[in-house]
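Structure, as structure tokens:
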Amino acid sequence: MSDARLREEICQYGRSLFERGLTPGSSGNISLRLEDGDWLVTPTNASLGFLDPARISRLDAEGRLLSGDKPTKEIPLHTALYDTRSSARAIVHLHSTHAVALTMLPEIDPRAALPPMTPYYLMRAGETALVPYYRPGDPAVADAIRGLAGKYSSVLLANHGPVVAGDSLEAAVFATEELEETAKLYLLLRNLNPRFLSPEQVADLVKAFDLDLPSHHDHDHD
């Protein structure tokens, strides 16, 4: 896909996420890793609803700005996930309401922030890690993501929002949306004793769709 088409794709998905209220104001950012090792990434203080393809930042493999506007300050988040998860080609970071709310609940397991609620949550987002709160831009948040060793494609930053990787921009966006909807389901059903997928049902999904879940690591894809 051409550079121009990839830039347009970032703008289209950004607009879609923004228009549905999944990341307010100028929050959220998207990156795409190119075949030559360069990146395309949304600029700092840019609304995902009003991106200009020509102003999207292009960085080299070392993170130096080659063209476009100054990139998002969340670059360390993206770098940490790309560096540890070799299959990642795109990353979406949002401040989506239900996913952020989930991170503030006392019972959340940092190794599995959500229970196995639906097959599509597991198929698209996998299992989700929760990392502690760090102020935005603190290098320690990237260290926390590196500490997950690439086992998770979806990570929640406490009191902040999700960071989700995919093998394409479409996959990363769909996984982020699935994570948000599953967080919404969890909040709707909290304290109602809902019936989640059983271990046997999860194992069946892992086998049928060759899922790479941290809790079912028979082999490492990364």
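Taking the criterion of being exposed (fewer than 13 other Cβ atoms within 10 Å of the Cβ) and within 18 Å of the chain's Cα centre (by Cα), the residues of segment 13-53 that qualify are Arg20, Gly21. In summary, Arg58 fulfils each of the numbered conditions (1) modelled with pLDDT of 95 or more; (2) loosely packed, with under 15 Cβ neighbours inside 10 Å; (3) over 18 Å from Ser168 (Cβ atoms) with the single exception of condition (2).
Checked against (1) within 11 Å of the chain's Cα centre (by Cα); (2) touching a residue at least 60 places away in the same chain (Cβ under 8 Å); (3) open to solvent by 70 Å² or more (accessible area, probe 1.4 Å), Phe174 passes all but a single condition, namely (2).
Among the residues of segment 215-222, is there at least one that is more than 18 Å from His78 (Cα to Cα), at pLDDT below 95 and part of a helix (DSSP H, G or I)? Looking through segment 215-222, at least one residue is more than 18 Å from His78 (Cα to Cα), at pLDDT below 95 and part of a helix (DSSP H, G or I). A search for C-beta distances below 7 Å between a residue of segment 111-133 that is touching a residue at least 40 places away in the same chain (Cβ under 8 Å) and any residue that is in a loop (DSSP other than H, G, I, E, B) and among the acidic types (Asp, Glu), counting only pairs 6+ apart in sequence or on different chains, returns Ala112/Glu127; Gly126/Asp212. Suppose we keep only residues that are among the hydrophobic types (A, V, I, L, M, F, W, C), under 17 Å from Glu127 (Cβ atoms) and part of a loop (DSSP other than H, G, I, E, B) within segment 190-210. Which one would you say is most open to solvent (accessible area, probe 1.4 Å)? Taking the candidates together, the pick is Phe196. Among residues of segment 3-15 that are farther than 23 Å from Asp36 by Cα, those with a Cβ under 9 angstrom from a residue that is of a type outside the set (A, V, I, L, M) and open to solvent by 60 Å² or more (accessible area, probe 1.4 Å), sequence gap 6+ or separate chain, pair up as Gly14/Phe50; Arg15/Phe50.
When Glu74 is tested against (1) open to solvent by 50 Å² or more (accessible area, probe 1.4 Å); (2) in contact (Cβ under 8 Å) with a residue 12 or more places away in the chain, exactly one condition is not met: (1). For the residues Leu102, Leu114, the requirement of being crowded, with 19+ Cβ neighbours inside 10 Å and part of a helix (DSSP H, G or I) singles out Leu102. Open to solvent by less than 20 Å² (accessible area, probe 1.4 Å), more than 25 Å from Phe18 (Cβ to Cβ), of a type in the set (Gly, Ala, Ser) and not in a helix (DSSP H, G or I), is that true of Ala149? No: the conditions fail for Ala149.
Each row is one residue, and each column tells you yes or no for (1) part of a loop (DSSP other than H, G, I, E, B); (2) over 25 Å from Asp212 (Cα atoms); (3) modelled with pLDDT of 95 or more.
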residue	(1), (2), (3)
Met1	yes, yes, no
Gly49	no, yes, yes
Leu77	no, no, no
Leu81	no, no, yes
Ser86	yes, no, no
Ile91	no, no, yes
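Pairs linking a residue in segment 35-51 that is of a type in the set (Asp, Glu) to a residue that is part of a loop (DSSP other than H, G, I, E, B), with Cβ atoms under 8 Å and 6 or more positions apart or on different chains, are Asp38/Asp60; Asp38/Ala61.
The values are calculated or read from the model by the stated rules, or taken from the named source; none is laboratory data. As the structure is a prediction and not an experimental result, all values here were calculated from the model. Don't worry about glycine lacking a Cβ; one is built from the backbone with ideal geometry, like all the others, and counts go over all protein chains shown. Protein only, heavy atoms only, side chains kept; ligands, DNA and RNA dropped before computing areas. Shrake-Rupley method; radii C 1.70, N 1.55, O 1.52, S 1.80 Å.
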